[in-house]
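Derivation of every value follows stated rules applied to the coordinates shown; laboratory data play no part. A quick note: this is a predicted structure, and the numbers were derived from the prediction, not measured. FYI the Cβ positions are ideal-geometry reconstructions off the backbone, even for glycines, and counts take in every protein chain you see.
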Amino acid sequence: MEMRKLDVMELMLLAALWGGSFILIRYAVPDFGPFALILVRVGLGALLLIPLLQLKGQTTAFRKHWFHACAVGLFSSAVPFLLFAYAMVDVTGSFASIVNAGTPIWGAIIAYLWLGESLNRNRIFGLLLGVLGVIVLVWGKLNFGDQGLGWPVIAVLGATLMYGISASYTKAIPYRCSAFGNCNGQSGWFNNDSAAFGHSLLARYAT
C-alpha cells in the first residue's frame, strides 16, 4: 500500500506530538507528581472525546463492550502513561522517548507467543538488534540503590511492554475498540480502579 503525501505529513505530525509529550511530562511531573499529572492528561482527553463518542453514535457499542474498551485503555494508555511519568521524575524525556522506540520488540515477541504470528529470519535479526540497542541504552543505568535509576528504567521498559500487550489484545478480541471507545475505557479505569495504586505513588512526593 503506497503512502500518500498527506499520510506522511500526518505521520510526522503524530511523531512530533508524541515525542513532544515526553518533554512536557519531564517538565511537569516534578510539580504535579506522576498520578496527578496523568489524571489531568487522561481527564482532558476524555472531556474532549466523550462528546465525540456521542456524536458518532458509539455510546451503545461502548456500553456493550465496556470491558474490552477498558482493558485496551488500561494497557495502551493509563498504565504506560503512569509508568512514563513515574520514570521521568528521574530520567530525561529524551531517554524515555528513545527507549519507547523499543515498543515493536515487545509487540513482536508477545504476538509470537500469544497469537502465533510467525518470525522469519529478518524479523528475528531485527529483534535481536533492537534488544541489543536497548541493552546498550540501559546498561549503565540499572542501579537499584538509593540514588540509582534502576526502577525508573524498569518503569520505562514496563510501559513499552504494556503497549505490546495492548497491540496483541486488540487483535485477539472479537470487538475492535474505536479510538473514542479506547479513550473512554482508559479514562474510566484510570479515574476509578487505579486510585489506590496512584495514591501509593503520590505518597513518595508528599514527604
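Quick notes on this structure:
- Across region 1-127, the mean sequence separation of Cα contacts (distance under 8 Å, 6 or more residues apart), normalised by length, yields a relative contact order of 35 percent.
- Among 108-120, 34-46, sorting by the average number of other beta carbon atoms lying within 10 angstrom of each residue, highest first, gives 34-46, 108-120.
- Treating r as the C-beta distance of ILE98 and ASN143 and R0 as 30 Å, the FRET efficiency rounds to 0.95.
- Computed over the alpha-carbon atoms, region 48-88 gives an Rg to Rh ratio of 1.13, Rh here being the Kirkwood radius from the mean inverse distance.
- Summed over all non-identical Cα pairs, the Kirkwood treatment of region 91-174 gives a radius of 13.7 Å.
- Extension gain, LYS64-LEU128: 0.36 nm per intervening residue step, less the Cα-Cα distance, totals 18.9 nm.
- Proximal lysines relative to LYS64, as straight alpha-carbon distance under 25 Å, when same-chain residues fewer than 8 apart are discounted: LYS56, LYS171
- Distance between region 32-65 and region 67-143 - C-alpha centres, whole angstrom: 24
- For region 14-120, the normalised intensity computed at q = 0.20, 0.23, 0.24 Å⁻¹ comes to -1.12, -1.21, -1.24 (log10 of I(q)/I(0), Debye sum over alpha carbons, equal scatterers, no solvent).
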